[in-house]
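Data first, discussion second: the structure below is written as structure tokens.
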Amino acid sequence: EAEGVTLQLSATARTGYRGVAVSSESRKLPFVASYQVGSKRTHLGHFGTPVEAALAYARARPDAVVKREEEEESRADASQAEADAKDSDSDDGGCFDQPVN
């Protein structure tokens, strides 16, 4: 959290923050922040650190982006729970074709 806003962490982004990427356009300002709503991408600028870019992203995110991110997170959680349930249901002791007595 910075300046009263929560920075959005990302396990998949190279920078560690949602909405922040590394750009090869500028060595002085190598981090770029942007968000997308539908097919429209909004560029927020280039920054010197990933935290500065993440802060710009957190400040600028419109409600539509927040809602979409929450829905994506909810779907991911549900998918993981479903996969976990399948894993626990399919534990047959290693015998794939034998009926369990």
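Among the conditions (1) under 20 Å from E72 (Cβ atoms); (2) touching a residue at least 24 places away in the same chain (Cβ under 8 Å), S34 misses just one, which is (2).
Within segment 1-35, the set of residues being more than 15 Å from H46 (Cβ to Cβ) and acidic (D, E) comprises E1, E3. Residues of segment 30-43 that are open to solvent by 30 Å² or more (accessible area, probe 1.4 Å) and in a strand (DSSP E or B): F31, Y35, Q36, V37, K40, R41, T42, H43. For segment 71-98, the set of residues classified as open to solvent by 70 Å² or more (accessible area, probe 1.4 Å) and at pLDDT below 60 consists of S90, D91, F96, D97, Q98, listed by residue number. If you go through segment 1-13 and pick out every residue that is β-branched (V, I, T) and surrounded by 12 or more Cβ atoms within 10 Å (Cβ to Cβ), you end up with 1. Residues in segment 14-29 that are assigned to a loop (DSSP other than H, G, I, E, B) and either of a type in the set (F, W, Y) or open to solvent by 30 Å² or more (accessible area, probe 1.4 Å) (or both): R14, R18, S24, E25, S26, R27, K28, L29.
The values are calculated or read from the model by the stated rules, or taken from the named source; none is laboratory data. Source: prediction; values computed, not measured. Heads up, the Cβs are rebuilt from the backbone with ideal geometry, glycines too, and the neighbour counts pull from every protein chain shown. Keep in mind that these areas ignore ligands, DNA and RNA; they rest on the heavy atoms of the full protein, side chains included. Shrake-Rupley method; radii C 1.70, N 1.55, O 1.52, S 1.80 Å.
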